[in-house]
Amino acid sequence: MTQNGFLPWTRSCFVCGEANPQGLRQRSRLEDGRVLLDFTPAEEHVGYQHLVHGGLGMTLLDEVMTWAAIMAAGRVCVAAEMATRFVQPMRVGEPLCAVGWVTESKRRLILTTGELTDTAGQVLLRATGKYVPRPAEETALCADDFVRDPAAIPLARIFAPT
């Protein structure tokens, strides 16, 4: 992972999908081998009246850890396991930054770590994940859902040739 910039996004994904009417429509970026995503939760993201639902934090971490795994594997990856520790509550209107990175990469399993922090850098959630690269033909199927945009790193520089 030597390049920096915005990662591609899809039409359908809950986190990044530009055509998903219930989605978050967020953009992840690659910076020095780590995947980052900035997000400010709104009222519709609450669990309790003033606290953001924990599942949203896990979703943001899954997104950045999945992309970290994709960058390591050169193929579409999916979560096999994710463990999350909730350190501090997330609050509505408080800007968050999710960051994910690979800790170990093998052919059939990629281990990742992720953190969700506030603007002061305080860790609110911490997670580890195990990600499995999907077969090359599945990556080819998924490629049709990606939006080609000059603002994003080209797919050809992310996915290994089949």
**Q.** Candidates Leu30, Leu51, Leu61, Leu24, filtered to the one that is modelled with pLDDT of 95 or more and farther than 21 Å from Thr128 by Cβ
**A.** Leu24
Q | Test set (1) assigned to a strand (DSSP E or B); (2) modelled with pLDDT of 95 or more - Thr66 fails condition number | A | (1)
Q. In segment 135-148, is there at least one residue being at pLDDT below 95 and over 18 Å from Cys77 (Cβ atoms)?
A. yes
Q: Go through segment 16-46 and give me each residue that's surrounded by fewer than 16 Cβ atoms within 10 Å (Cβ to Cβ), touching a residue at least 12 places away in the same chain (Cβ under 8 Å) and polar (S, T, N, Q).
A: Thr40
Q.
For segment 110-144, give me each residue that is basic (Lys, Arg) and either loosely packed, with under 15 Cβ neighbours inside 10 Å or touching a Lys or Arg at 6+ places or on another chain (Cβ under 9 Å) (or both).
A. Arg126, Arg134
**Q.** Complete set of residues in segment 30-70 that are more than 11 Å from the chain's Cα centre (by Cα) and of a type in the set (A, V, I, L, M)
**A.** Ala42, Val46, Leu51, Val52, Leu56
Q: Answer yes or no: is there a residue in segment 127-145 that is outside any helix (DSSP H, G or I), hydrophobic (A, V, I, L, M, F, W, C) and over 17 Å from the mean Cα position of the chain (by Cα).
A: no
Q. Picking from Val99, Val147, Val76, Val92, which residue would you name as being β-branched (Val, Ile, Thr), without any contact (Cβ under 8 Å) to a residue 60 or more places away in the chain and either touching a Ser or Thr at 6+ places or on another chain (Cβ under 6 Å) or surrounded by 12 or more Cβ atoms within 10 Å (Cβ to Cβ) (or both)?
A. Val92
Q: Would you confirm whether any residue within segment 149-156 is in a loop (DSSP other than H, G, I, E, B), touching a Phe, Trp or Tyr at 6+ places or on another chain (Cβ under 6 Å) and at pLDDT below 95?
A: yes
(Q) I'm trying to understand the selection: among the residues of segment 29-79, which are more than 30 Å from Thr139 (Cα to Cα) and of a type in the set (A, V, I, L, M, F, W, C)? (A) Ala42, Val46, Leu51, Val52
**Q.** Residues that are within 16 Å of Leu61 (Cβ to Cβ), in contact (Cβ under 8 Å) with a residue 24 or more places away in the chain and not acidic (Asp, Glu), drawn from segment 104-122
**A.** Ile110, Thr112, Thr113, Gly114, Leu116, Gln122
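The values are calculated or read from the model by the stated rules, or taken from the named source; none is laboratory data. As the structure is a prediction and not an experimental result, all values here were calculated from the model. Positions of Cβ are generated from backbone atoms using ideal geometry, with glycine treated the same way; all protein chains shown enter the neighbour counts.
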